[in-house]
Amino acid sequence: MSNKEILLRLYEVMRPYRLKLFIAMISMICVAGFTGTQAYLVKDLLDKIFMEKDTFYLKLLPIVVIVIFFLKGIVYYIYTILLEQVGQSVIKDFRVNIFNHIHKQSLTFFGSMPTGTLMSRIISDVALLQQAVSNALVGVIRDFFQVVILLGVVFYMNWRLAMISFVVLPVAAFPIIKFGRLFRKLSTSTQEETAHVSNILHETITGNRIVKAFCKEEYEGNRFLEQVRRLFTLTMKDAKYRCMQHPLMEFIGGIAIAAIIWFGGLQVIDGTATPGTFFAFLTALIAAYEPVKGVTRINSTIQQGLAAATRVFSILDVEPEIQDKKNATQLAPFASEIELKDLNFQYNHEAPVLKNINLTVPIGEALAIVGPSGGGKTTLTNLIPRFLEIKDGAILIDGTDIRDVTVTSLRNQISMVTQQTILFNDTVRNNIAYGEENSSLDRIIEAAKAAHAFDFIEALPQGFDTIIGESGARLSGGQRQRLSIARAIFKNAPILILDEATSALDTESEREVQKALENLMKDRTTFVIAHRLSTIKNADRIVVVKDGEIIEEGTHDNLIARRGEYELLYNMQYK
Ligand SMILES: Nc1ncnc2c1ncn2[C@@H]1O[C@H](COP(=O)(O)OP(=O)(O)O)[C@@H](O)[C@H]1O
Ligand SMILES: [Mg+2]
């Protein structure tokens with residue numbers, strides 16, 4: 001992405017705030033004007049008061065100084081607070097945009113983007129971007145006015161001396177440009193390493209039990225140290241250049257001052273300039289050089305911001321794979337059958353995962369999907385709510401292609417219980433009525449009872465108002481699964497997908513979960529991926545999926561009688 005493109009897009013983002021930016025800019029010009037006046041006053045101070053001993057000026061000047069500093073303070077406040085507001089608003093907008101954008105993405109996106117990276121985009125890259133917007137980009141504008149006005153004062157007072165600044169400015173520009181390139185490159189690497197740090201943090205904190213179980217604290221500690229060390233090296237490299245540029249710019253400024261003392265001193269001595277002019281000139285020039293020096297610092301912020309913007313935009317530019325068509329309709333309430341037709345699927349140009357799947361599931365049927373792991377069962381069920389995009393073949397609900405209806409209307413008709421129970425760090429109540437803030441407690445209790453979760457919820461310290469910890473950390477595995485079943489029951493959707501919802505449970509809680517599932521499957525159309533015989537035996541029909549293909553299909557008794565793959569699986573797993 002070129003600088004120009006990035007700036008144009010940033011401008012688009014800032015457009016809503018352009019009035020505020022405009023007012024801020026006017027205030028900046030005023031501040032620059034007052035600074036110029038301050039420098040000019042030095043001339044009167046020296047010539048009128050010190051040389052001519054004029055008592056009128058002695059009375060006037062202190063008042064003028066107070067007024068100028070007071071007014072300058074006010075406009076300074078106005079523009080800094082406005083810029084802060086715009087900068088923070090831009091951050092807020094960006095964060096919300098990225099958040100919403102990420103949640104529109106399909107499962108394949110999350111497969112390729114680690115959580116830590118995404119978090120570091122939303123938190124740290126956006127903050128860098130804000131720095132660039134509110135401090136730097138605008139700082140450049142302010143400094144530009146300041147330099148122009150002060151140079152105006154300088155030329156007005158003594159144009160011959162002022163010519164010196166034309167020698168200094170290009171010399172000063174050289175390191176600014178040179179360092180800018182370095183900063184940009186370093187910033188990109190720094191942010192990438194920062195993202196790796198967040199990834200390690202995320203993985204090891206959420207996976208702390210495995211780290212403990214394998215006694216890998218030291219291993220993870222070293223991995224983290226290694227990563228933090230890489231970040232440290234980069235940051236120090238960046239710091240080296242940042243710390244170097246200030247003295248360098250000072251030195252260049254010093255040379256200019258020396259030149260002015262020499263030539264200006266000569267003029268004062270031979271009488272072509274007054275001491276007042278000389279000092280006012282020097283004050284103005286030093287004041288003008290201040291922002292020039294600042295440009296290097298601002299420049300590093302801008303370069304970092306531009307690099308951050310590139311990364312932020314690159315996420316915003318990932319078109320969600322799954323989107324509503326322009327003329328997408330609402331999916332009518334499910335009434336007759338779901339048909340999977342000539343379905344083929346593969347993840348990102350890898351080997352095919354599903355091959356030529358044809359399957360019709362009438363309303364009310366409980367269909368069990370069994371088969372060796374890695375066979376494509378989860379992938380198959382993820383296609384139905386359009387978590388993954390179908391590119392070859394189709395899924396029809398009551399004859400309507402699911403790609404022709406809105407994603408929301410499709411997913412509203414599907415309840416899911418996944419193998420990995422996903423719960424939120426919130427109350428039991430809010431987990432069951434996920435996202436439905438004003439639901440009645442009666443309905444929630446009803447769902448909890450149907451899920452055989454009521455008794456254990458009642459026994460929790462605050463009952464339905466107990467906060468269950470991250471991913472339900474304060475509950476047992478069986479309780480978590482029953483809670484996610486309660487959530488699915490509460491949603492009350494006609495189509496149900498159960499992906500190994502009873503795996504990893506002991507017999508006791510399995511019996512509870514089993515009863516819960518039976519309640520859930522009543523009057524619903526169910527796709528159930530199961531290891532447990534009890535679940536499978538209750539199913540109306542069983543399909544065996546192996547290597548992405550449906551190889552057998554029928555009732556339990558039929559399939560056993562066939563003495564094929566199912567019988568093999570059955571004998572291996574359940575006997
Ligand atoms: N996000 C993904 N990206 C790439 N390949 C995947 C992804 N998810 C699953 N697969 C692959 O697809 C195949 C089927 O996986 P899955 O549907 O989870 O099988 P099952 O649920 O039957 O165990 C496996 O070979 C797996 O490696
Ligand atoms: Mg699976």
(request) Choose one of Ala448, Tyr570, Ala539: the residue whose Cα lies farthest towards the positive end of the charge dipole of segment 445-575 (beta-carbon charges +1 Lys, Arg; -1 Asp, Glu; about the Cα centre). (result) Ala448
(request) Take every Cα-Cα distance within segment 461-575, group them into 10 Å bins from 0 onward, and report for each bin the whole-number percent of pairs it holds. (result) 12, 39, 31, 13, 4, 0
(message) Sort Leu354, Leu118, Leu169 by Cβ crowding within 10 Å, fewest neighbours at the top.
(response) Leu169, Leu118, Leu354
(request) Between the alpha-carbon centers of segment 313-346 and segment 533-575, tell me the distance in whole angstrom. (result) 30
(message) Using all alpha carbons of segment 196-254, what is the percent of pairwise distances in each 5 Å bin, ordered from the shortest bin to the longest?
(response) 4, 16, 17, 14, 10, 8, 8, 7, 6, 4, 3, 2, 0
(request) Would you mind ranking Met157, Met236 by Cβ crowding within 10 Å, fewest neighbours first? (result) Met236, Met157
(message) Using the crude model of +1 on Lys and Arg Cβ and -1 on Asp and Glu Cβ, and no other charge, please compute the dipole size for the chain relative to its Cα centre, in debye to 20.
(response) 1940
(message) Could you derive backbone 3J(HN,Hα) for segment 164-179 from the dihedral phi with the Karplus parameters 6.51, -1.76 and 1.60 (θ = phi - 60°), listing whole Hz in sequence and x where the residue is Gly or Pro?
(response) 4, 4, 6, 7, 5, 4, x, 4, 5, 5, 4, x, 4, 5, 4, 5
(message) Kirkwood hydrodynamic radius, segment 283-335, all distinct C-alpha pairs: what's the number in Å?
(response) 16.1
(request) First select every other residue whose beta carbon is under 15 angstrom from the beta carbon of Lys216; then total the charges, Lys and Arg +1, Asp and Glu -1. (result) -2
(message) Contact order normalised by length for the chain, with contacts defined as Cα pairs under 8 Å and 6 or more residues apart; what percent is it?
(response) 15
(message) Based only on Cα atoms, what mean projected area does the convex hull of segment 3-316 have, in nm²?
(response) 20.3
(request) Stick to Cα atoms and the Kirkwood definition of Rh, then tell me Rg/Rh for segment 319-416. (result) 0.95
(message) So if I take the centroid of the Cα atoms in segment 366-430 and the same for segment 111-178, what is the distance between those two points in Å?
(response) 51
(message) Could you work out the percent of alpha carbon pairs in segment 1-135 separated by over 25 Å, rounded to a whole number?
(response) 52
(request) Have a look at the chain and give its Rg and Dmax from the Cα atoms, expressed in angstrom. (result) 35.0, 120
(message) Projecting each Cα onto the charge dipole of segment 3-316 (Lys/Arg +1, Asp/Glu -1 at the beta carbon, about the Cα centre), which of Ile210, Pro247, Ala136 comes out farthest on the positive side?
(response) Ile210
(request) Choose one of Leu150, Gln420, Ser2: the residue whose Cα lies farthest towards the positive end of the charge dipole of the chain (beta-carbon charges +1 Lys, Arg; -1 Asp, Glu; about the Cα centre). (result) Leu150
(request) For segment 337-574, state what percent of all Cα-Cα pairs lands in each successive 10 Å bin, counting from 0 Å until the bin that includes the largest distance. (result) 8, 32, 34, 21, 6, 0
(message) Which of Arg487, Arg411 has the fewest other C-beta atoms within 10 Å, and how do the rest follow up to the most?
(response) Arg411, Arg487
(message) What is the distance in Å between the Cα centroid of segment 441-500 and that of segment 51-65?
(response) 82
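Bear in mind that the values in this text are calculations on the coordinates, not laboratory data. These figures come from a predicted structure and were not determined experimentally. We place every Cβ from the backbone using ideal geometry, glycine too, and count neighbours over all the protein chains shown.
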